[in-house]
1. Determine the distance separating the Cα centre of region 1-70 from the Cα centre of region 284-339; give it in Å without decimals.
2. First check a/c for region 414-463, with a ≥ b ≥ c the square roots of the eigenvalues of its C-alpha gyration tensor; if it is under 1.5, answer rounded, and if not, answer prolate when a/b is larger than b/c or oblate otherwise.
3. Cβ neighbours within 10 Å, averaged per peptide: list 45-52, 242-249, 323-330, 261-268 in order, most packed at the top.
4. Starting from the Cα of residue 415, step 7 Å along the direction of its Cβ; do the same at residue 64; then give the gap between the two resulting points in nm.
5. Provide Rg and Dmax in Å for region 1-123, with only Cα atoms included in the calculation.
6. Going by the alpha-carbon gyration tensor, a ≥ b ≥ c the square roots of its eigenvalues, is region 134-206 rounded (a/c under 1.5) or, if a/c is not under 1.5, prolate (a/b greater than b/c) versus oblate?
7. What does the helix-only formula give at 222 nm for the chain: each DSSP H stretch with n ≥ 4 adding -39500 (n - 2.57), the total divided by the residues, and the result rounded to the nearest 500 deg cm²/dmol?
8. Sorting check: for 185-193, 342-350, 91-99, which peptide has the highest mean count of neighbouring beta carbons within 10 Å, and how do the rest follow?
Ligand code: 5GP
Ligand code: MG
């Protein structure tokens, strides 16, 4: 599963005073959105200054690196990439020097036409330093800004060239802007801070700096944020929306509120609906930590069956999902999760996880539950089977790797070694989301894409 860009985390802030505390703290809070690199750009004394590096925020933006790095307007980024595309060259913000100054951008999402754009501009003589979408976006924006005086019109011109998913925070010299693509694939929200405003991928970052949530940036909206106000430039006509379902299922932290729905509440409701759709005769309900926790709790509340923790997760082991080989992934899952024996031995257990992609996690963990003496292990899953690749920034790209494209639910049950297996229905999941299905991107679950993708079915195409 390689690709140029994946779900990342972005933030911007402006205030009457230094904003580095807001930016740094926010990047820490949204660290789960990307651990490969982090960076901050600020416009100070007529120039763009950037600090970035590989690894976690605590390393990439260490105290030492941050010393003396101040500014009252800044943007920041944490990057999720796959193994193949690491390196500081891809770290963001991307900064471009253009005829009227500097532009810096931090991007979350993935362009579906990045190859075409890169080829087109390479033909016209441009060079690129990285394999990142963000560089393409930054250079196209710089071109538009050079041609069009009004920055809002320049950003609209840029947006007309970009296809796919992009939430952006942008510094154009000393001005801060933020925008979401017209579908609103990736989240972005606005907060009020003591002496200014901020914009960030997840609302929990606003809480963490003592700010107050104002609202989401709307799909297709551009905002200019100053220390005193948020100026809105919305779409002039309504366009179809497609908020990524996987943000609520897996990607965002449970304390985030995105497009009006709290992630924790959605996951708990999914668990409750699963308990109705797929009841089980078991002694305990157990989550696969951490992402399956709220789903499992909802199942327990609705079914009245006690909730127990069955695994201790080692927080210091990184993501197992992105390791390149199946052997490495399996070894990493078992070293990351250790069973808590007293809650397992002799019990009929129901484990709940948020999703099954390749089936690695559950196969290993069911074996470990059985080794620890579980009598039966049943599985319930908080999303429908993942059957189609994501072209919009979630790290699920290769149809061939998805267990549900090759096997039926009964076959998957046998492969992972469960005594029973059920997924939530698509309808059940949408009900828990409380967002109309037409306003969601459900492509990974139903194979219908909100934008035109060659060789794939468009969501409004009749079957
Ligand atoms: P599997 O082990 O079946 O391949 O993947 C499912 C597990 O990985 C679940 O526990 C889920 O929380 C997690 N997961 C699902 N999608 C992603 C993703 O895009 N990135 C990462 N890091 N983990 C994921
Ligand atoms: Mg998980």
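Read-outs: derived from the displayed coordinates by stated rules, not from any lab. Worth saying up front: this structure is predicted, and the values here are computed from it rather than measured. Cβ: placed from backbone, ideal geometry, glycine included. Neighbour counts: every protein chain shown.
1. Cα centroid to Cα centroid, the span is 29 Å.
2. It comes out oblate by the Cα gyration axes.
3. On the way: 45-52: 15.2, 242-249: 26.6, 323-330: 13.1, 261-268: 21.4.
Ranking the peptides 45-52, 242-249, 323-330, 261-268 by packing returns 242-249, 261-268, 45-52, 323-330.
4. 4.6
5. 14.7, 44
6. Here region 134-206 falls in the oblate category.
7. Details: 15 runs with 132 residues, N = 463.
The helix contribution divided over the chain gives -8000 deg cm²/dmol.
8. 185-193, 91-99, 342-350
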